[in-house]
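The values are calculated or read from the model by the stated rules, or taken from the named source; none is laboratory data. Since the structure is predicted, the reported quantities are computational estimates derived from the model, not experimental observations. With ideal geometry, Cβ positions are generated from the backbone for all residues, glycine too; neighbour counts draw on all protein chains shown.
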């Protein structure tokens, strides 16, 4: 099979609890009405000014496909795919897939625990980080326990609030630095169940300093938790907050192998937290197996990636070089963008409804990311390969130099452009 063609096939990524392999039927069984709740969440979000995107039918497993040759920089995926070591591990251990994993998950948990000085029981390995993110959110919010989150941010937090019938308080990001305004978050409600922080943030790619998160942890009301989604943290050089978990703070941290490790379609992720906080996950899904145990080959690939100490700095530099080159292009052509991205994405101001530019770019065979209601003239763009970003620059100049055209009905109704909420 042609490898380049294989790599162009839209892949599942980390962020859809009910799409994660092996998890769908069990999740619906353990959380009655979950599928219907997700549909209701979309409707409520649209009615309240949130995401207007129609959700796909949970029983429809056909994913819209881009035209052949389309550059896909819409889903924050890593076009480099799994590392050579991860691919070697998959090849080596796939023939043993008739057996349950008796080795790799434990080795992966030990490796990450040793890296961060975590005691046994402080980390769990899952097929992706979307499932445990839902569990972290849903086990700490409810009708009397609101969620406080940033705006714009990754939508899984607000959608979990709708599912759990919890009020959600959206706090705008700081308009100068685009970091989370932790003091405003603290003031949003006197006794929330959880604060949700994505760091680096999706969609802005910006970092919230560790000291701000530490301040929130120290000053929050007793009984609430701070959930920090570090899906994109490897792209930055900033400190993680996993040490707060090791220090037994009220903190849950999520990480994934979908992004810098290039394993979005292979599914592996971590949840870090005190054992009592992780045990609360079972109030939503009564056991790890019910939400999907990680596959043998995924665990083997995750372990091979984790112990490759050169992989993250190398890929971080590749991403940074392509990001800086693209931002220099935007500056040269007088396009404004959100400064300070420490991730594999950025947001650019197109000075018109962003969905119109989405549609026009798709017409040029470049699929870019979506739009957030609080920033309607900004579009999110994933950092791809050097050649992909060159294609973006050519198409973007052409689209922005042409008269604006309304977004097509096809884009509005079918959600043709893939993103991490599909599977995403």
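Taking the stated definitions as given, is residue 285 modelled with pLDDT of 95 or more, in the same structural domain as residue 264 (by TED's automatic domain parsing) and either closer than 22 Å to residue 154 by Cβ or touching a helix residue (DSSP H, G or I) at 6+ places or on another chain (Cβ under 6 Å) (or both)? If you could, list the steps in order and put the result at the bottom.
On the way: modelled with pLDDT of 95 or more: no; in the same structural domain as residue 264 (by TED's automatic domain parsing): yes; either closer than 22 Å to residue 154 by Cβ or touching a helix residue (DSSP H, G or I) at 6+ places or on another chain (Cβ under 6 Å) (or both): yes.
Judged against the criteria, residue 285 is not a match.
Condition test on residue 348, is it surrounded by 19 or more Cβ atoms within 10 Å (Cβ to Cβ), modelled with pLDDT of 95 or more, in contact with a strand residue (DSSP E or B) (Cβ under 6 Å, 6 or more places away or on another chain) and not assigned by TED's automatic domain parsing to the domain that holds residue 235? Quick ask: steps written out before the conclusion?
Values: surrounded by 19 or more Cβ atoms within 10 Å (Cβ to Cβ): yes; modelled with pLDDT of 95 or more: yes; in contact with a strand residue (DSSP E or B) (Cβ under 6 Å, 6 or more places away or on another chain): yes; not assigned by TED's automatic domain parsing to the domain that holds residue 235: yes.
So residue 348 fits the description; yes.
Report yes if some residue within segment 177-185 is in contact with a helix residue (DSSP H, G or I) (Cβ under 9 Å, 6 or more places away or on another chain) and touching a residue at least 60 places away in the same chain (Cβ under 8 Å); otherwise report no.
No, the conditions are met nowhere in segment 177-185.
Can you tell me which residue among 404, 359 is at pLDDT below 95, surrounded by fewer than 22 Cβ atoms within 10 Å (Cβ to Cβ), out of contact with any strand residue (DSSP E or B) (no Cβ under 9 Å at 6 or more places or on another chain) and not assigned by TED's automatic domain parsing to the domain that holds residue 128?
Every option except 404 fails the conditions.
Examine segment 124-137 for a residue that is within 26 Å of residue 76 (Cβ to Cβ), outside the structural domain of residue 383 (by TED's automatic domain parsing) and surrounded by fewer than 23 Cβ atoms within 10 Å (Cβ to Cβ), and state whether such a residue exists.
Yes, the conditions are met somewhere in segment 124-137.
Is it the case that some residue within segment 383-401 is under 21 Å from residue 178 (Cα atoms), modelled with pLDDT of 95 or more and surrounded by 24 or more Cβ atoms within 10 Å (Cβ to Cβ)?
Pass one, segment 383-401, residues under 21 Å from residue 178 (Cα atoms): 383.
Next, from what is left, pick out any that are modelled with pLDDT of 95 or more: 383.
After this cut, where a residue has to be surrounded by 24 or more Cβ atoms within 10 Å (Cβ to Cβ) as well, the list is 383.
Scanning segment 383-401 turns up at least one residue that is under 21 Å from residue 178 (Cα atoms), modelled with pLDDT of 95 or more and surrounded by 24 or more Cβ atoms within 10 Å (Cβ to Cβ).
Report those helices (runs of 4 or more DSSP H) wholly inside segment 166-261 carrying at least 2 residues which are under 28 Å from residue 125 (Cα atoms). Working first, answer last.
Details: elements: 182-188, 210-219, 242-246.
Because the criterion is at least 2 residues that are under 28 Å from residue 125 (Cα atoms), the helices (runs of 4 or more DSSP H) in segment 166-261 that meet it are 210-219, 242-246.
Looking at 231, 268, 264, which one is within 13 Å of the chain's Cα centre (by Cα), more than 18 Å from residue 154 (Cβ to Cβ) and surrounded by 19 or more Cβ atoms within 10 Å (Cβ to Cβ)?
Of the residues listed, the single one that is within 13 Å of the chain's Cα centre (by Cα), more than 18 Å from residue 154 (Cβ to Cβ) and surrounded by 19 or more Cβ atoms within 10 Å (Cβ to Cβ) is 268.
Select, from 162, 148, the only residue that is at negative phi and free of Cβ contacts under 8 Å to residues at least 60 places away in the same chain. Full working, then the answer.
Working: 162 fails: free of Cβ contacts under 8 Å to residues at least 60 places away in the same chain.
The unique qualifying residue is 148.
Restrict the check to segment 310-317 and report whether at least one residue is within 23 Å of residue 235 (Cβ to Cβ) and in contact with a strand residue (DSSP E or B) (Cβ under 7 Å, 6 or more places away or on another chain).
If we filter segment 310-317 for residues that are within 23 Å of residue 235 (Cβ to Cβ), which is where we start, we get 310-317.
Going one step further and asking which of them are in contact with a strand residue (DSSP E or B) (Cβ under 7 Å, 6 or more places away or on another chain), we end up with none.
So far as segment 310-317 goes, no, none of its residues is within 23 Å of residue 235 (Cβ to Cβ) and in contact with a strand residue (DSSP E or B) (Cβ under 7 Å, 6 or more places away or on another chain).
To keep it simple, each residue is scored yes or no on (1) touching a helix residue (DSSP H, G or I) at 6+ places or on another chain (Cβ under 6 Å); (2) in contact (Cβ under 8 Å) with a residue 60 or more places away in the chain; (3) over 28 Å from residue 389 (Cβ atoms); (4) assigned to a strand (DSSP E or B).
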{"site": "271", "(1), (2), (3), (4)": "yes, yes, yes, yes"}
{"site": "305", "(1), (2), (3), (4)": "yes, yes, no, no"}
{"site": "330", "(1), (2), (3), (4)": "no, no, no, no"}
{"site": "341", "(1), (2), (3), (4)": "no, yes, no, no"}
